[in-house]
Each structure stands twice: as C-alpha cells, then as structure tokens.
Amino acid sequence: MEIEKILASLNDEQIKPVRDTEGPVLVIAGAGSGKTRVLTSRIAYILTEKCALPWEILAITFTNKAADEMKERISKMVGEAEGMWVSTIHSMCTRILRKHISALGYDKNFTIYSDVDKDRVLKRLFTSGESEDERFLKNAKWHISNAKMLGMPPDRYLIEKAEEKDIDKYCEFYRKYEEELKASNALDFDDLLLKTRDLFLEHDDIRSEYSERFKYVHVDEFQDTNAVQYEIIRMLCQNHGNIFVVGDDDQSIYGWRGADINNILGFEKDFNGSKVYKLERNYRSTKRILRLANAIIRNNKERKQKELWTENDEGVRVETYAASDETNEATYAAVQIKSLMARGYSASDFAVLMRINALSRVYEQEFLKYGIPYKVFGGFKFYERKEIKDLLAYFRILVNPLDNDAILRIINVPKRGIGDRTVSLMLDYAKDNGVCLYDGLLDVDKLGLPTATRARITEFKDLIVSLVVDKETKSLTDLLECVLKKTNYLSMFDEDTDENFSKKANIGELQNSIKEFAELNPDSGLADFLNSVTLSSDIDEMDDGSYVTLATVHSVKGLEFRSVFICGLEEEVFPVSRAWESLGGLEEERRLMYVAITRAEERLFLTYAQSRFLFGKRQDTVRSRFVGELAKELGVPEQKPRYVREERRFYGDVYGGDEPDASPSYGRMVTGAKSFMQSSKPKVVNENTDGYAVGKKVRHVKFGEGTIVAVKGSGNGKVVDVAFKGIGVKSLAVQYAPMELIS
C-alpha cells in the first residue's frame, strides 16, 4: 500500500507518531481515539518505507484477540508480513524460552502448567507437609503469584514483605513450589515472563540476539505492564532504542494484579529523548458523555494532562437516577431498556456495568421478570458462583438428604480433613448397601475408618443433623446465618483481597435474595426458594447472541455500547471501601469510573440506591463521591437528599430536567426527567392495565400461570404482585412485563 493510502485514514494527531520512526515514542491514546489504527498504520508505514523487514519488527499485545486483529489489519495494508512477531508477551516469551531455556538448566521441552495444574501441585505440597488449612493454601498461592509479578525470588520477597503475617511460612512454601517445578521441568504462567527476564539478565548474548533482531519494538496497552514485563521490554530495545508504546494512563485499572502506572508516567525519564504524542479526538461518544469523562478524570493528580474531544453530536442528556433500593434500581434499568428496545435498540446495544459482581443478582432477577435476555461477564451468573453453589448445596441437603451431589460438594468445604480416599470408601459403602451418602454418614461406625477420620465424619454428620433441626425451627431468613455460623464458611475469605471482598458481597446478596423471597412469600419454605433459584438459573438465551451485557467494569475495557448503565454508585461500592486507604487506590477507582463512562456511545445512565442490602445487612447509603464530582455537569444536588416515602420500593419523586414530570416513576429521576420520560413513547406490552386486579389470573412467558394477590398504583404505573405456583410471589410492572390476563 502506498504511503498516501496508509495516512489517508488518519487524522493529523495520528499521522505524527506514525511518521516518527526513530527513537523512543510514547503515544498517550485517550479512550476511543483509534490507538490500534495508529499502531498498525505505523508498522505498515515502516514496512512500506523499507525501514525494516517484517522479521525485524516486534509488536506486543496483551490478548490473543488483539494480536489477531492487529495481524489482520497489517495484512490488509501491506499483505502477508511473513516472519513478523505479533503476539502476547507470554507467547513471545514462550517462543524465546523454547530455544534458549537450557541456559537456565531446563530442557527445551518444558511443560507449561495451567492454573489447574498449579493448584494440584500446591495442594500436593500442602498435604505432604503443612497443616491442613485452606486459608493458608489460598494465601500462599496469592503470595507466590505476587512475588513473581514483582520479579522477586523467595529470599528477596521475604525481605520486602517482612511485615506481612506468616510471610516466612509463605516464602518457605514458595521455595518448595519452585523446587517441585524445577524437578518436573515445568513453568507456570508467571514463570514464562520471569524466566525470560532472568535469561536476558544472565546471558547478555541472548538478550543482544533479540535486541539486534527486532529493530522496532511496539507495545500496546502499555499502562497495563507490570515490573517484569517492563524489564523485558527495556532490555529488548537496549541496542537501538526504537521503542514505540501506546497506552492511556487514565485507563490503568489493573493495579491489583501487578500493573504499574508508573511505567507509562515515567517513560520519558526512563527513555532519554522520548517524544510524546497525545490522541485526544474521540470517535466513539457524544459530546455530553465526553464532558462527563473529562470532568471525572481531571480529579486525579497522578496523570498526564489531556482533554478528550469529538466532532460527534451533542447527544441526549446523561440520566442520573436515585433509586429507593437495589430492586428499584434494577427495575428502572429494565424499564428503560424495554422502552428503548421498542424504539429500535437491540438487546446487544446495552451494558449494565458494576464495580462488584454481587450487584448482578437483582438485575438477573428483574430482567427475567421483563423477558430481557442477558449474559453475565466478569464472573458467573449469580447462582452459578462457587460460594453461592456451596451454600445452596447445604440447603439442598436439608430439603433432600438423598442428594449425593450436594453432599459431595460440601463434605470438605470448608476444609475438614476429609480426603478423597475417605469419600471413595463412603461411596463404595453406599453403593454396596443400596443407600445414599447421607445414610453412610449416619452409619459412620460401620465404615471401618481410622479413629481420627471417623471423628471428622461424625462431626460433619452432627453439623448436618443440627442444621436439619434449624430448618424446622428457624425462619427462612435466619437459616443461612445458621449455616454460615456453624460451618465457619466466611473464615475462608478473611484475607483482605479484591476476590474475597466480592465473594463476601455475593454471600450478602444471597442473604438479600432469601429475605426478599421470604417477604413476598411468607407462607413458602426452603424448597420453594430452591425452586425459584432453579428457574432463575435456567434462563433461555437468544441464539443470535442478542443479549444485554451484565458485567464488571474491568471485564469490558476495550468494548463499547450504544447505551450504558453504571449502577451501584455509592460509597463502599463504587469506590470500594478498600480504595480509601491510599491516594493511589482511590485514583485507580476513579480511572475505573472513567473507563465505565467512556464505554458509552449515545446514552449513559448513572444510578445509585438510597438503601442497599450488602454484606448481610440493609443500610442507608451515601452517594458515591464520583457523582458528587460530576454534580455540576449532571445538574444534581451537591448533597444527597434523604427521604422515605410510603411504598418507596415502587414509587418516588421525579426531579430535574426543565420541570417535574407528572407521570408515575420508579424512584427519583434526578436529571433528564422531562427530556427522557416525555420523549420515550414505547410500544408497551400491555396497553390496557385496567383488568389487572386482585384475584385475576395471568400467564407469564417464564413463570407460567399465576394469581394476582396485590395491586399497587394505577394507570401506567400499576404494579401487581403475582403468586406463581412453586415459584412464589413476583412484583411486576403491568405495562412492561411479558404477561397476559387469562381470567
């Protein structure tokens, strides 16, 4: 392709770094500014200008998908560039190690251990020496990965983390793990980077071989590099200094897994003579959305100054919604999505973004009610998450002691020292005697087990028996608390990590789910709740891939949607409470908010609840500081008003816009009430709501037939409580729920 054709698709900001081929170059690429186009165009430019041959160019990306996309784009520009290395950094390191790892004392046919393989090795080492404590194993695994991301062997990590509790034990376990890997001629995923760094540090001839071969080194998503990756990249360009990196410090959101924002902020200091270019023109979002993005991120101190701009339209007003509670918040999103879909949007045009995946449960519940297809990303669907399935397995045993699968799932969760051999003996006993595993527990004295093992099984049996008594004597809402207390289940998540924070939030949300079910279904029991959960876990998904994305913000970086809901904008949720401990933590949370905002192309909805059930209790919330920082742009009050209204779960007040809207509303529309509510003329599911009265029967597309037991509101705002057999009572907005009267 001729140079003119390569440059024709670029704007003036993009052309400058493409043509600058020598020395260190940093491109600060704002969200939606076309960074991939710049990077691929530069490689095409170098090839067309004969600055280098294909095999003299290296391009490092951070996902296989991005690498494939880059190869395809380059191929379209210049044809097949045979011999060029375009890959993830892990793939690049594997390629180098296969050729040279013998210099480190390994055979070139080394095995790469997956996370599953790694877990098996750690468990084997754990049971062969350490006391059986699942928390120790989990913490040790985290410390080993953290040490490798930081590029530290056990001895140095011990010094650096001397203040950490039990760090000497973790480092000793780290040493044993390293010895086991070496003996097995194996590397784990972190080792691919660490061993390549060691290879370059210890063997200058090998480093020089690759630094001389790759005359031009390109790195995408530079803000996501960790300490070891950065060292490798620096060593690769020591011979020539031709390094070209593209990234956005404002989108550095992976500090919790080792990414160091200082790599991009300190680039000019580390690479003398660096040239810096900024891409500030956004091709994705409306002007209103970009003003919001600029307003939030300028509150960060540790960043390179830039201001996103666009020639796109002004766009519609950004909506801010103060819900009465989390159910009301999710219902609001469901109603807006149904409304916009009636006006031509498809389900795939929407994303509901959250800071922690525990918030997805109520959206799954409400989308099921309104027949909205969805998929959960950044985690499993709520009822498919391990901790939720563990606790529901306890419930399943209490309802159905014949459920062998449930017993097998939790017999050693939390750790009780009941090993696979013991479980195998119990299964054989049950099969030989024609009984279930539960009967095997009761017959523990007949199993011929060692005294210590028999004592552990007896303790588990007594636990289940006591929970059976609790099932008969405790309320449904108290039963989970009994399970948590008697099993000491929460002890597995004592370590203050992001993962444990999410798991505890998920368990709190399960408590909320049970509480909501019990309130709506006072005469129903545990079996009915499990029936309801089973239905919620078995949603039919559309074959054509048309679904609303429910996702954590981390999981959608790099994606874009016509319409985005950012939910849970409350202190301790977004930003999470742990972020308050440091300026760096809070700034990363703000960058996460910036990433969430810049996923939106046309419409953006910011929502928060005035009260939320989280971590096992309901409490009033404080509006997120991020909403406060955007108060002027959004037109919302500086201070969060507080009021409680009768039936606040379904009704509230509408504020903002040019004037209050008189139609019934779900909660409180803080901004944009008139512009959105009056411009929205959806083709509703049920035009006439008059016939929906107590005692009437309805048919719902998911729940089947049910009877209306309560009616709230009137006209377009009518909400009915419907009792569905075997499922319980569901609250449904008549206009939008996919149901019909049948009598």
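The values are calculated or read from the model by the stated rules, or taken from the named source; none is laboratory data. As the structure is a computational prediction, the values presented were derived from the model and not from experiment. So basically every Cβ, Gly included, is an ideal-geometry build from the backbone, and we count neighbours across all protein chains shown. Only protein heavy atoms, including side chains, enter the accessible area calculation; ligands, DNA and RNA are left aside. Shrake-Rupley method; radii C 1.70, N 1.55, O 1.52, S 1.80 Å.
In segment 425-526, counting only helices (runs of 4 or more DSSP H) that sit wholly within it, the ones holding 2 or more residues that are acidic (Asp, Glu) span 451-473, 476-487, 498-520.
Yes/no matrix, rows are residues, columns are (1) under 20 Å from ARG95 (Cβ atoms); (2) without any contact (Cβ under 8 Å) to a residue 24 or more places away in the chain; (3) in contact with a Gly (Cβ under 8 Å, 6 or more places away or on another chain); (4) in a helix (DSSP H, G or I):
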| residue | (1), (2), (3), (4) |
| --- | --- |
| LEU187 | yes, no, no, no |
| ASP190 | yes, no, no, yes |
| ASP198 | yes, no, no, yes |
| GLU209 | yes, yes, no, yes |
| VAL217 | yes, no, no, no |
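In segment 432-447 there is no residue that is surrounded by 14 or more Cβ atoms within 10 Å (Cβ to Cβ) and within 30 Å of the chain's Cα centre (by Cα). Selection of segment 578-627 for residues being in contact with a Phe, Trp or Tyr (Cβ under 9 Å, 6 or more places away or on another chain), assigned to a strand (DSSP E or B) and either open to solvent by less than 10 Å² (accessible area, probe 1.4 Å) or under 15 Å from ILE297 (Cβ atoms) (or both) yields ALA600, LEU604, PHE605, LEU606, THR607, TYR608. Counting only helices (runs of 4 or more DSSP H) that sit completely within segment 1-59, those holding 2 or more residues that are open to solvent by 20 Å² or more (accessible area, probe 1.4 Å), closer than 30 Å to TYR594 by Cβ and not acidic (Asp, Glu) correspond to 12-19, 35-48.
Which is of a type in the set (Asp, Glu), open to solvent by 10 Å² or more (accessible area, probe 1.4 Å) and more than 30 Å from LYS632 (Cα to Cα), of GLU314, GLU280, GLU364?
Exactly one of GLU314, GLU280, GLU364 is of a type in the set (Asp, Glu), open to solvent by 10 Å² or more (accessible area, probe 1.4 Å) and more than 30 Å from LYS632 (Cα to Cα), namely GLU364.
Please tell me if THR689 is surrounded by 15 or more Cβ atoms within 10 Å (Cβ to Cβ) and in a loop (DSSP other than H, G, I, E, B). Spelling it out, THR689 is indeed surrounded by 15 or more Cβ atoms within 10 Å (Cβ to Cβ) and in a loop (DSSP other than H, G, I, E, B). Inside segment 573-597, residues that are under 17 Å from the mean Cα position of the chain (by Cα) and either within 22 Å of GLU560 (Cβ to Cβ) or modelled with pLDDT of 90 or more (or both) make up a count of 13. In segment 99-116, the qualifying residues are those that are in contact with a Phe, Trp or Tyr (Cβ under 8 Å, 6 or more places away or on another chain) and not in a helix (DSSP H, G or I), and the one that is nearest to THR196 (Cα to Cα) is ILE112.
Being of a type in the set (A, V, I, L, M, F, W, C), under 25 Å from the mean Cα position of the chain (by Cα) and closer than 13 Å to THR40 by Cα is the filter here; which residues of segment 50-69 pass it? Explain how you work it out, then say what you get.
Applying the first criterion (of a type in the set (A, V, I, L, M, F, W, C)) to segment 50-69 yields 51-53, 55, 57-60, 62, 66-67.
Cutting the leftovers down to under 25 Å from the mean Cα position of the chain (by Cα) gives us 60, 62, 66-67.
Scanning segment 50-69 gives ILE60, ALA66, ALA67.
Looking across segment 148-191 at every residue that is hydrophobic (A, V, I, L, M, F, W, C), under 19 Å from ASP117 (Cβ atoms) and crowded, with 21+ Cβ neighbours inside 10 Å, the one that is nearest to the chain's Cα centre (by Cα) is identified as LEU187.
Listed by first and then second residue, the pairs with beta-carbon distance under 7 Å, at least 6 apart or on different chains, first residue in segment 310-336 and on the phi > 0 side of the Ramachandran plot, second open to solvent by 10 Å² or more (accessible area, probe 1.4 Å), are GLY315/THR286; GLY315/LYS287; GLY315/ARG288; GLY315/GLU602. Please specify each residue of segment 79-108 satisfying the condition of being surrounded by fewer than 18 Cβ atoms within 10 Å (Cβ to Cβ) and either more than 26 Å from PHE222 (Cβ to Cβ) or among the charged types (D, E, K, R) (or both). Scanning segment 79-108 gives GLY79, GLU80, GLU82, ARG95, ARG98, LYS99, SER102, ALA103, LEU104, GLY105, ASP107, LYS108.
Here's the yes/no breakdown for (1) modelled with pLDDT under 95; (2) in a helix (DSSP H, G or I); (3) surrounded by 17 or more Cβ atoms within 10 Å (Cβ to Cβ); (4) in contact with a strand residue (DSSP E or B) (Cβ under 6 Å, 6 or more places away or on another chain):
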residue: THR534; (1), (2), (3), (4): yes, yes, no, no
residue: ASP540; (1), (2), (3), (4): yes, no, no, no
residue: ASP543; (1), (2), (3), (4): yes, no, no, no
residue: LEU550; (1), (2), (3), (4): yes, no, yes, yes
residue: HIS554; (1), (2), (3), (4): yes, yes, yes, no
residue: GLY558; (1), (2), (3), (4): yes, no, no, no
residue: ARG562; (1), (2), (3), (4): no, no, no, yes
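Would you check if there is a residue in segment 472-488 being open to solvent by 50 Å² or more (accessible area, probe 1.4 Å), touching a Lys or Arg at 6+ places or on another chain (Cβ under 8 Å) and without any contact (Cβ under 8 Å) to a residue 40 or more places away in the chain? Within segment 472-488, none of the residues are open to solvent by 50 Å² or more (accessible area, probe 1.4 Å), touching a Lys or Arg at 6+ places or on another chain (Cβ under 8 Å) and without any contact (Cβ under 8 Å) to a residue 40 or more places away in the chain.
Residues that are open to solvent by less than 30 Å² (accessible area, probe 1.4 Å), touching a helix residue (DSSP H, G or I) at 6+ places or on another chain (Cβ under 7 Å), over 14 Å from VAL219 (Cβ atoms) and not in a loop (DSSP other than H, G, I, E, B) occur in segment 69-78; there is at least one.
Contact annotation: no residue pair with Cβ atoms under 7 Å, 6 or more positions apart or on different chains, pairs a residue in segment 147-166 that is outside any helix (DSSP H, G or I) with a partner that is surrounded by 19 or more Cβ atoms within 10 Å (Cβ to Cβ) and of a type in the set (Phe, Trp, Tyr).
Among the residues of segment 405-414, are any more than 30 Å from SER346 (Cβ to Cβ) and at pLDDT below 85? Yes, some residue in segment 405-414 is more than 30 Å from SER346 (Cβ to Cβ) and at pLDDT below 85. Of the set (1) within 23 Å of VAL469 (Cβ to Cβ); (2) of a type in the set (S, T, N, Q); (3) in contact (Cβ under 8 Å) with a residue 60 or more places away in the chain, all apply to SER348 but (1). The residue pairs whose first member lies in segment 47-73 and is among the aliphatic types (A, V, I, L, M), whose second member is at pLDDT 90 or above and exposed (fewer than 15 other Cβ atoms within 10 Å of the Cβ), and whose beta carbons are closer than 9 Å, counting only pairs six or more residues apart or on different chains, are LEU47/LEU53; LEU58/ARG213.
Applying the selection to segment 588-618, what residues are hydrophobic (A, V, I, L, M, F, W, C) and on the phi > 0 side of the Ramachandran plot? Walk me through it before giving the result.
Narrowing segment 588-618 to residues hydrophobic (A, V, I, L, M, F, W, C): 592-593, 595-597, 600, 604-606, 609, 613-615.
Scanning segment 588-618 gives a single hit, PHE615.
Taking the criterion of being within 18 Å of SER555 (Cα to Cα), in contact with an Asp or Glu (Cβ under 9 Å, 6 or more places away or on another chain) and surrounded by 19 or more Cβ atoms within 10 Å (Cβ to Cβ), the residues of segment 237-257 that qualify are GLY247, ASP248, ASP249, GLN251, SER252, ILE253, TYR254. With respect to GLU509, is the statement that it is open to solvent by 20 Å² or more (accessible area, probe 1.4 Å), under 29 Å from the mean Cα position of the chain (by Cα) and on the phi < 0 side of the Ramachandran plot true? Considered against the rule, which asks whether it is open to solvent by 20 Å² or more (accessible area, probe 1.4 Å), under 29 Å from the mean Cα position of the chain (by Cα) and on the phi < 0 side of the Ramachandran plot, GLU509 comes out as no.
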